[in-house]
Amino acid sequence: MSTILEVQHLKKYFSSQKAVDDISFTIEKGSIFGLLGPNGAGKTTLIRMITGIFYPDSGNINLNGKKFNPVSDVIDIGYMPEERGLYKKMKVGEQAMYLAQLKGMSKQDAFGNVKEWFEKFEMQSWWNKKVDDLSKGMQQKLQFVITVLHEPKLVILDEPFSGLDPVNSNLIKDQIFNLAQKGTTIIFSTHRMEQVEEICDHIVLLNKGHKILDGTVRDIKQQYKQNIFTAEVDHLPAVLQHASFTIVKQNENNLTLKINEGYRANDVLLHFINQQSGIIAYHEILPSLNEIFIRLVEGTPTARQFETIIA
Amino acid sequence: MNKIWIIIKREYVTRVRNKTFLLSTFLFPLLMFALIFGGAFIGANGTEQRKIAVNDQSGLYKNNFKNSASVEYGYPEGVDRNNYKNKGFEGLLIIYSSNQQKADSARLYTQKQLGLSTDEAIKNQLQKINENRLLMARGVTRNTLDSIRLQSENEESLNYRSYQVKGAEIKEDNKVLALAIGYASGFIIYIVLFIYGAAVMRGVMEEKMNRIAEVMVSSVKPFQLMLGKIIGIAAVGLTQLFLWIILIFILSSLSSLFISPEVLEQAQKMNESMPSMAQNNTMALKILQAKTTVFSANWALIIPCFIFYFLFGYLFYASLFAAVGSVVNEDPQEAQSLMLPITLPIILGIFIMINAIQNPSGSLAVWGSIIPFTSPIVMMSRIPFGVPGTVEYWELGVSMISLIAGFLCTTWLSAKIYRTGILLYGKKVTLKEMAKWAFRKS
């Protein structure tokens, strides 16, 4: 796999905050990349630099191996901001055409793509409706279509599912997988961890302008596992205690155990086997991203304090 | 460049297709004409002639009052406060004679108020008669008086002409026409600055509040977005201007069909009897008089200048309006207070213009027409008085160059405010912060 986006030592200081402070990462082509972080971590600022809205104070952004050019590269990027926005009084079809042309598409290409996406989402009848007449969920769908209809190589979605019902969420989720399969890279910014686990291959966690976590979802879970297992037995052994583990939670024959330092998972199993307990289930519990997220972010003040930057 | 063109097209098409555009384009000239000519029409037709009985002890006044459009005088025998109504009069004027060195005193009695115009008309007549009486008392004979009056009251007997000298060429100047054109063009530019400036501001505010700004600036540069909007609205303005010119031409041709010369004559008479009350009529008369001599104006110069000041005056202010629109949050009240520094010089321009029309070569007029904040309004009010002559070529040149330079300057500064403001939510921005954004290095 090749790298589509490379961010090197990116910095952006505002007058009262180090919004993005020396962040680097790379994104593989065709992957779904999760950009996570609590509110005010610097996600939006980072995205605005990648989309060419802000210029970084220092650092490099490379797109497709070349230095990112905010003017000519916009055709390769589709961005759906968290704050959705459309011209309320403009007709749906005209609006989609207008925004596609502003990305640099010709009128004919734009028309073909708009039609194709409208068919995909069964939106053909909306063409002459004003945006004002659409429901919130419909506007959200339209916004997604507008984001992807110029066939960008890199799609950036900021909280794409907020305000959508499960049916429409799945519709968009399917399209995200679909796009990724065809080689489109997707950056997915959110603080909804269950979605990240489901969708993303690779994540970066930001906090207070710094990168505090970077890796694939599996690796990170392995990295932050706390050696907790659940065991289900047919009957409890006579002697439950053993040096290899401590019981975290017990619910009749269901045990949640933490393996003690210096022991391995099999030592626990051996203990139960020696005690003549029949083992029905035994598996490791990996921490959810949510737990890792909270563990890493906790202890730092939730609201960023304003500071004076001399830069 | 191509993207700016797409933006211009959208801004233009959505606005021109809008119903309010059509409505304002066609209603504005109609309203103007209705106001000017309707006023004259009502003024001329609406005055009833009041019958006033004159009771004068000296007998000097008898038959000396001249009936006018608003007052008819009668001199019945033995009239007093109790019986004037029975004799068919609406008012009684009693004149008390004093000595020959002093003006007589007069009292008017009526049951209902007769209005200011009647009062003015009576006072006017009294003054004239008194003047004659005092002159006669000092030995001027009736014959002398009549011959003087014949000369002074006949406008044509006063042979007054004013000329403008341009090198070898001597041209009769038409101050009324210059005044009318200057006043109208200055005022139209004043209105244009406000209407289209506010349209730019509203457009920017709409983009910010609908949160489309962020989607847009991920496709185009903020500067392109701002410039596209400004130019698009300028095109709307020019379209509207051309439609107005056509409409005004048609309407003024039609107005001479609808409004008979008698009505205007009556309006003229009203003016004489009541000079302070007849602004509408004067305006209407001036326009109609101007129409007859309208070809004597130097249109080949005035029209291109008007389009220049119309366009660049708008461009000078439009980006400032855009900058204000970009920093406003949900609260329209905020826009009001931030707009003040922009509206103030425009209003100042109108005040200087009113002065410049009276004295088009004065130093206030000259400076006001060079400084770009007021020049679109003030210069346009001076140009009809003659270039060169009233306005020298160098003044026009400096004014135009400084306006273009001013436009580039305001656009450059505003773009920096706009760029920051359009993506900033929830924060109330002060003028001081805007100034800081405008002057920081990018």
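A few notes on this one:
- Enumeration of residues in the stretch A:98-134 that are of a type in the set (A, V, I, L, M) and in a helix (DSSP H, G or I): A:Leu99, A:Ala100, A:Leu102, A:Ala110, A:Val114, A:Val131
- Hey, B:Ala121 touching a strand residue (DSSP E or B) at 6+ places or on another chain (Cβ under 6 Å) and modelled with pLDDT of 75 or more or not: yes
- For the stretch B:383-396, the criterion of a residue being at positive phi and either out of contact with any His (no Cβ under 8 Å at 6 or more places or on another chain) or outside the structural domain of B:Gln240 (by TED's automatic domain parsing) (or both) is satisfied by at least one position.
- Unmet criterion (only one of (1) in contact with a Phe, Trp or Tyr (Cβ under 7 Å, 6 or more places away or on another chain); (2) part of a loop (DSSP other than H, G, I, E, B)) for B:Phe89: (1)
- Filter pass, A:Ala238 being surrounded by fewer than 19 Cβ atoms within 10 Å (Cβ to Cβ) and of a type in the set (A, V, I, L, M): yes
- In the stretch B:56-82, the residues that are aliphatic (A, V, I, L, M), assigned to a loop (DSSP other than H, G, I, E, B) and surrounded by 19 or more Cβ atoms within 10 Å (Cβ to Cβ): B:Ala69, B:Val79
- If the condition is being in contact (Cβ under 8 Å) with a residue 40 or more places away in the chain and within 11 Å of another protein chain (Cβ to nearest Cβ), then the stretch A:62-75 contributes only A:Ile75.
- Selection of the stretch B:366-400 for residues being outside any helix (DSSP H, G or I), out of contact with any strand residue (DSSP E or B) (no Cβ under 9 Å at 6 or more places or on another chain) and not small (Gly, Ala, Ser) yields B:Ile370, B:Ile371, B:Pro372, B:Phe373, B:Thr374, B:Val387, B:Val391, B:Glu392.
- Test result for A:Gly137, part of a helix (DSSP H, G or I) and touching an Asp or Glu at 6+ places or on another chain (Cβ under 8 Å): yes
- Evaluation of A:Leu289 against the conditions (1) within 22 Å of A:Ile187 (Cβ to Cβ); (2) at pLDDT 85 or above; (3) of a type outside the set (Val, Ile, Thr) shows that the sole unmet condition is (2).
- If the condition is being of a type in the set (D, E, K, R) and within 9 Å of chain A (Cβ to nearest Cβ), then the stretch B:10-31 contributes only B:Arg10.
- Residue identified as at pLDDT 75 or above, surrounded by 12 or more Cβ atoms within 10 Å (Cβ to Cβ) and part of a helix (DSSP H, G or I) among B:Ala40, B:Ala34, B:Ala53: B:Ala34
- Among the residues listed as B:Ala415, B:Ala356, B:Ala438, the single one being touching a Gly at 6+ places or on another chain (Cβ under 9 Å), closer than 26 Å to B:Ala198 by Cβ and of a type in the set (Gly, Ala, Ser): B:Ala356
- Candidates are the residues of the stretch A:112-141 that are within 14 Å of another protein chain (Cβ to nearest Cβ) and under 23 Å from B:Ile6 (Cβ atoms); the one that is surrounded by the most Cβ atoms within 10 Å (Cβ to Cβ) is A:Val131.
- Candidates A:Gly93, A:Gly59, A:Gly78, A:Gly40, filtered to the one that is more than 8 Å from every other protein chain (Cβ to nearest Cβ) and out of contact with any strand residue (DSSP E or B) (no Cβ under 9 Å at 6 or more places or on another chain): A:Gly93
- Considering residues of the stretch B:193-240 that are hydroxyl-bearing (Ser, Thr, Tyr) and either touching a residue at least 60 places away in the same chain (Cβ under 8 Å) or part of a helix (DSSP H, G or I) (or both) only, the residue farthest from B:Ile350 (Cα to Cα): B:Ser219
- When restricted to residues that are within 19 Å of A:Ile27 (Cβ to Cβ), under 15 Å from the mean Cα position of the chain (by Cα) and in a loop (DSSP other than H, G, I, E, B), the stretch A:144-165 contains 2.
- Any chance A:Ser162 is within 25 Å of A:Asp76 (Cα to Cα) and among the hydroxyl-bearing types (Ser, Thr, Tyr): yes
- Residue check: A:Gln95 meets all listed conditions (1) touching a Lys or Arg at 6+ places or on another chain (Cβ under 7 Å); (2) outside any strand (DSSP E or B); (3) crowded, with 20+ Cβ neighbours inside 10 Å but one, namely (1).
- Inside the stretch B:378-395, residues that are surrounded by fewer than 24 Cβ atoms within 10 Å (Cβ to Cβ), of a type in the set (Ser, Thr, Tyr) and either closer than 17 Å to B:Ala180 by Cβ or in contact (Cβ under 8 Å) with a residue 12 or more places away in the chain (or both) make up a count of 1.
- A search for C-beta distances below 6 Å between a residue of the stretch B:308-333 that is modelled with pLDDT under 90 and any residue that is surrounded by fewer than 18 Cβ atoms within 10 Å (Cβ to Cβ), counting only pairs 6+ apart in sequence or on different chains, returns B:Val328/B:Glu334.
Residues are listed down the side, and each one gets a yes or a no for (1) surrounded by fewer than 13 Cβ atoms within 10 Å (Cβ to Cβ); (2) modelled with pLDDT under 85; (3) out of contact with any helix residue (DSSP H, G or I) (no Cβ under 7 Å at 6 or more places or on another chain); (4) of a type in the set (Lys, Arg):
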| residue | (1), (2), (3), (4) |
| --- | --- |
| A:Asn178 | yes, no, yes, no |
| A:Gln181 | yes, no, yes, no |
| A:Ser189 | no, no, no, no |
| A:Gln195 | no, yes, yes, no |
| A:Ile203 | no, no, no, no |
| A:Ile220 | no, no, no, no |
| A:Ala265 | no, yes, yes, no |
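- Tally, over the stretch A:1-60, of residues that are touching a Cys at 6+ places or on another chain (Cβ under 9 Å), part of a strand (DSSP E or B) and over 27 Å from B:Ala213 (Cβ atoms): 1
Conditions tested, residue by residue: (1) more than 10 Å from chain A (Cβ to nearest Cβ); (2) among the aliphatic types (A, V, I, L, M); (3) closer than 30 Å to A:Glu83 by Cβ.
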| site | (1), (2), (3) |
| --- | --- |
| B:Arg202 | yes, no, yes |
| B:Met205 | yes, yes, yes |
| B:Val215 | no, yes, yes |
| B:Lys221 | no, no, yes |
| B:Leu225 | no, yes, yes |
| B:Gly237 | yes, no, no |
| B:Ile250 | yes, yes, no |
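- Yes/no for B:Leu423 being in contact (Cβ under 8 Å) with a residue 40 or more places away in the chain and either part of a helix (DSSP H, G or I) or over 18 Å from B:Leu315 (Cβ atoms) (or both): yes
- Screening A:Glu197 with (1) among the acidic types (Asp, Glu); (2) without any contact (Cβ under 8 Å) to a residue 24 or more places away in the chain; (3) closer than 30 Å to A:His9 by Cβ gives one miss only, at (2).
- Residue check for A:Lys103: within 14 Å of chain B (Cβ to nearest Cβ), closer than 30 Å to A:Ala19 by Cβ, touching a helix residue (DSSP H, G or I) at 6+ places or on another chain (Cβ under 7 Å) and among the basic types (Lys, Arg): yes
The values are calculated or read from the model by the stated rules, or taken from the named source; none is laboratory data. In this text the structure is predicted, and so the values were computed from the model without any measurement. Using ideal geometry, Cβ is built from the backbone for each residue, glycine included, and neighbour counts are taken over all protein chains shown.
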